[in-house]
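See below for the structure under consideration.
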């Protein structure tokens, strides 16, 4: 008997707190029907990260990119208003914007020449005599805005469901972590996306990356060679079980979670935790950044921001990792066994050239498709996906680690509450629960 | 430094030698091709002419880190390259410009990578700053491997050295 014959969704997750057992059926990673359900019930209803406000800071600026499978234009019009349009001509459908970023007062369709102003209004149709004079009196031929978009601390999200709850409510307790990610730096001038996008992919199910992105348990094995590198350079070593603790996980509500620690990891942070190899000059500059931030946001919060690490998971597909650098990572499946990733570095505006250079070096020692760690993560996800081909023979993933203590004061970072938080939300939404 | 003229044939021989070391996974020998202030760079696919101090690259290795990269790739725990993929570096269109001991070279490349049933292709061009020693040697001051792909898809990663 196939478990999925019993119930369209309930079969996928076993969540038995009394026995301390949490399992996910491997079919959830390989089934095309599951992906269809995810598109309809998760990606078409949840708030999805689209862009950062710094990318469209000035009137006329735009970025064009695919967000949850739809081609979008995010732009600021000549009057300074933010828009998010579907990048498709209302005539016959071609993309009206073919460059990934730039400045434009108009978007002109390359197919028949329909032209739209930067606020979406249809302003030109070649040979207009053949159209009724009032053919756009209801505005239906203007560029179409996405049903909902909103900005939170510089993070621009879209929602393809017009009935969606407000973004701030959706973010729940994750909102304050996004606010923290917007408070870095001495200047207090906000944040900016660093030029240069890491656009890559993996031959694995997208949910594996969400699981992986805040997994404290895999660090010592998957990233053993990175830890060797840091140990050789800094003389420090990751101690998962130190008295101070490697850190904790918080369920932030609505499927979001964070794994966090202070001073718990062996790498340096551009904002602002110096390592021996950075040298005295950079350490002095980082300490000054800390003091300036302490004056601005309070000492306790500055200590948390500067000296702590956070792997923030925002359901369903946004990861803001604030570790050896501050990164935004979002991903989307085009098949059950393939997802595309876009990743960026987020950095304080007005950061000194010295600290910016250190930030980029520090980012790349661990992160990204050419780093010392991310390729090994990708390898693990792909190995898992290959293993799932045998899902009929070995059905379940085990995510029970730390289940007995997950309601306690400080669920451990190397446990699996963050994954269970994701899967519980996934299960509920796929079963049809309201977002 | 030397005023000797470095010929294109000499640079070609050098690049072929480098390609062979990489394909044979003799990475310590590859590291030894670099000067003490050597660097190895891969710019992001959307800013191919970028500056590593200003833009987020894919690889931004100073001499220390490129040495560590080679050391790491020799380990079983460098999982993405265990077992080592099979690679083939093809070099063509070599051009050379010289000003004293500083030699600028560029070439086109295609790197084929094969691992566990997956075949990936990395097309691009490399910009080298070489140093010509009086003893007839060449060493790499800077290697910038520019991927001529729009995105790193479907390759997904650059776990090998280009």
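The values are calculated or read from the model by the stated rules, or taken from the named source; none is laboratory data. Since this is a predicted model, take the numbers as computed values, not measurements. In this analysis, Cβ positions are derived from the backbone assuming ideal geometry, glycine residues included, and neighbour counts consider all displayed protein chains.
Listing for the model above:
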read-out: Any chance residue A:364 is free of Cβ contacts under 8 Å to residues at least 60 places away in the same chain, within 8 Å of chain B (Cβ to nearest Cβ) and either over 30 Å from residue A:19 (Cβ atoms) or in a helix (DSSP H, G or I) (or both); value: yes
read-out: Boolean, residue A:362 is in contact with a strand residue (DSSP E or B) (Cβ under 9 Å, 6 or more places away or on another chain) and under 30 Å from residue A:27 (Cβ atoms); value: no
read-out: Leading residue by the ranking (farthest from the other protein chains (Cβ to nearest Cβ)) among those in segment B:140-162 that are touching a helix residue (DSSP H, G or I) at 6+ places or on another chain (Cβ under 9 Å) and within 21 Å of residue B:52 (Cβ to Cβ); value: B:140
read-out: Condition broken by residue A:129, with the remaining ones in (1) more than 16 Å from residue A:58 (Cβ to Cβ); (2) not in a helix (DSSP H, G or I) satisfied; value: (2)
read-out: Criterion (at negative phi, more than 8 Å from chain A (Cβ to nearest Cβ) and in contact with a strand residue (DSSP E or B) (Cβ under 9 Å, 6 or more places away or on another chain)) met by exactly one of B:28, B:23; value: B:23
read-out: Hits in segment A:384-399 - residues which are in a loop (DSSP other than H, G, I, E, B) and surrounded by fewer than 20 Cβ atoms within 10 Å (Cβ to Cβ); value: A:391, A:392, A:393, A:394, A:395
read-out: Failed condition for residue A:204, given (1) over 25 Å from residue A:287 (Cβ atoms); (2) modelled with pLDDT under 95; (3) touching a helix residue (DSSP H, G or I) at 6+ places or on another chain (Cβ under 9 Å); (4) part of a loop (DSSP other than H, G, I, E, B); value: (2)
read-out: Criterion (over 30 Å from residue A:37 (Cβ atoms), within 14 Å of another protein chain (Cβ to nearest Cβ) and surrounded by 23 or more Cβ atoms within 10 Å (Cβ to Cβ)) met by exactly one of A:272, A:325; value: A:325
read-out: Matching residues, segment A:187-201, being in a loop (DSSP other than H, G, I, E, B), facing chain B (nearest Cβ under 7 Å) and touching a residue at least 60 places away in the same chain (Cβ under 8 Å); value: A:194, A:196, A:197
read-out: Top-ranked residue of segment A:207-224 - restricted to ones that are more than 13 Å from every other protein chain (Cβ to nearest Cβ) and assigned to a loop (DSSP other than H, G, I, E, B), ranked as surrounded by the fewest Cβ atoms within 10 Å (Cβ to Cβ); value: A:217
read-out: Residue within segment B:23-33 that is in a strand (DSSP E or B) and without any contact (Cβ under 8 Å) to a residue 40 or more places away in the chain present; value: no
read-out: Residue within segment B:55-66 that is over 20 Å from residue B:155 (Cα atoms), within 14 Å of chain A (Cβ to nearest Cβ), crowded, with 21+ Cβ neighbours inside 10 Å and touching a residue at least 12 places away in the same chain (Cβ under 8 Å) present; value: yes
read-out: Enumeration of residues in segment B:71-126 that are part of a strand (DSSP E or B), within 14 Å of chain A (Cβ to nearest Cβ) and touching a residue at least 12 places away in the same chain (Cβ under 8 Å); value: B:111, B:113, B:115, B:120, B:122, B:124
read-out: Among (1) touching a strand residue (DSSP E or B) at 6+ places or on another chain (Cβ under 9 Å); (2) more than 30 Å from residue A:424 (Cβ to Cβ); (3) at pLDDT below 85 - the single one residue A:199 does not satisfy; value: (3)
read-out: Search result, residues across segment A:93-110 that are closer than 15 Å to residue A:71 by Cβ and out of contact with any helix residue (DSSP H, G or I) (no Cβ under 9 Å at 6 or more places or on another chain); value: A:93, A:94, A:95, A:96, A:97, A:98, A:99, A:100, A:107, A:109, A:110
read-out: Residue satisfying all of: in segment A:284-298; in contact with a helix residue (DSSP H, G or I) (Cβ under 9 Å, 6 or more places away or on another chain) and free of Cβ contacts under 8 Å to residues at least 12 places away in the same chain; surrounded by the fewest Cβ atoms within 10 Å (Cβ to Cβ) among these; value: A:295
